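Please treat every number below as a calculation from the coordinates, not as lab data. Since the model is a prediction, treat every value here as computed from it, not as a measurement. All Cβ positions, glycine included, derive from the backbone under ideal geometry; neighbour counts span all protein chains shown.
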Amino acid sequence: MAKTIKKDESTNGALSLDEKDLAILRVLQQHARATVKEIADTVHLSTTPVHERIKRMEESGVIRQYATLLDHSKVKKGLMVICYVSLKQHNKNAGGKFIKSIQEMNEVIECYNISGEFDFMLKVVAESMDAYYDFHVNKLSQAENIGHVQSVFVMGIIKQTHVLVH
């Protein structure tokens, strides 16, 4: 028998989360490797409902993935750059080609479609200024339809979190 996922129609079909779901998410955000038993003890439920809730949130896409967060400076990616990119042409085909090329660039760890003067904001990591220069000249600038690129070098990280549920 297939499980029916309850949807809250008021929030664009998103899964309706109760306080226990949110408590489980808070634990997983801080410690994704926590066992179901550890989570159950923390949120005061037995293991079976915790396991079922986690599966439901995984299947519905609330929990997209589990990841290991690395210190970029300790894995030879000490230079972080925010690149603002504007395209020459603004149509579906040109934008799609740019997005496809960005997906293939390992140096780009985040890409956002933004409003304003620029079309995209990229978060780029590199080993050094020389490595970033090589990326900028030989990869990013070679992407089709690039109009203008502005690079902003990160001097220090004040706050960096992936916590969405508090």
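For the stretch 72-153, the orientation-averaged shadow of the C-alpha convex hull comes to 4.9 nm² (one quarter of the hull surface). Between the C-alpha center of the stretch 90-147 and that of the stretch 40-85 there is a gap of 25 Å. Label sites at Glu38 and Met155, each approximated as a point 7 angstrom past Cα along Cα to Cβ, lie 3.8 nm apart. Taking 32 Å as the limit for the C-alpha separation, the pairs Lys20/Lys97; Lys55/Lys92; Lys37/Lys123; Lys92/Lys123; Lys77/Lys97; Lys76/Lys100 exceed it in the case of Lys20/Lys97; Lys55/Lys92; Lys37/Lys123.
For Met105, Met129, the sequence from fewest to most other C-beta atoms within 10 Å is Met129, Met105.
For the chain, what does the relative contact order come out to in percent, with C-alpha contacts under 8 Å and a separation of six or more? Numbers along the way, then the final one.
Values: 177 pairs, mean separation 39.7, N = 166.
Relative CO of the chain lands at 24 percent.
Relative contact order, whole percent, for the stretch 72-153 stands at 48, derived from Cα pairs under 8 Å and 6 or more residues apart. Model label points for Ser73 and His148, set 7 angstrom from Cα along the Cα-to-Cβ axis, are 3.3 nm apart.
Taking a temperature of 25 °C and a viscosity of 0.890 mPa s, what whole-number D in µm²/s does Stokes-Einstein yield for the stretch 31-89 with Rh from Kirkwood over alpha carbon pairs? Please report the intermediate quantities before stating the final value.
Details: Rh = 15.1 Å.
Translational D for this selection: 163 µm²/s.
Given (i) 124; (ii) 133; (iii) 175 as candidate values of volume of the Cα convex hull per residue in Å³, which corresponds to the one derived from the coordinates? Recomputing volume of the Cα convex hull per residue in Å³ here gives the entry labelled (iii). When restricted to Cα atoms, the stretch 7-60 yields an Rg and a Dmax of 11.4, 33 Å, respectively.
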